[in-house]
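Okay, structure first, notes after.
The values are calculated or read from the model by the stated rules, or taken from the named source; none is laboratory data. Only a predicted model underlies this, so the values are computations on that prediction, with no experimental measurement involved. Glycine gets a Cβ as well: all are built from the backbone with ideal geometry, and neighbour counts include every protein chain shown.
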């Protein structure tokens, strides 16, 4: 099946079953649904596809899971979560660069 059909099926399922952050659903449910539709998609591929869909949010708090962004609050929660993750990665990158520049690779990698 095509990737555009996968995008459509993911979007449709989320719009129907997980509208808004308060209705977030575990991604396992989405993957099961996709398999029922005939998609042979791995978890990694599914995550890659829904990461490219603008209106998909991911909640790490209760309820955990994916949701279709429908309110400004949903969008703010999603952007805050993404920003926090990105900042953590940038801090980690800086730590690795700084350790290499000062010759402390043994402490970091040993």
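Within region 58-72, the set of residues being touching a helix residue (DSSP H, G or I) at 6+ places or on another chain (Cβ under 6 Å) and modelled with pLDDT of 95 or more comprises 66, 67, 68, 69. Out of everything in region 39-52 that is part of a loop (DSSP other than H, G, I, E, B) and surrounded by fewer than 16 Cβ atoms within 10 Å (Cβ to Cβ), what residue ends up being nearest to the chain's Cα centre (by Cα)? Ranking the candidates gives 52 first. Residue count for region 9-38 under the criterion of being part of a helix (DSSP H, G or I), touching a strand residue (DSSP E or B) at 6+ places or on another chain (Cβ under 8 Å) and under 16 Å from residue 51 (Cβ atoms): the result is 5.
Could you tell me whether residue 61 is surrounded by fewer than 14 Cβ atoms within 10 Å (Cβ to Cβ) and closer than 26 Å to residue 84 by Cα?
yes
Hey, among the residues in region 69-87 that are part of a helix (DSSP H, G or I) and in contact (Cβ under 8 Å) with a residue 12 or more places away in the chain, which one's farthest from residue 6 (Cα to Cα)? Per the criteria, the residue is 73. Comparison of 5, 90, 66 shows that the only residue that is part of a helix (DSSP H, G or I) and surrounded by 11 or more Cβ atoms within 10 Å (Cβ to Cβ) is 5.
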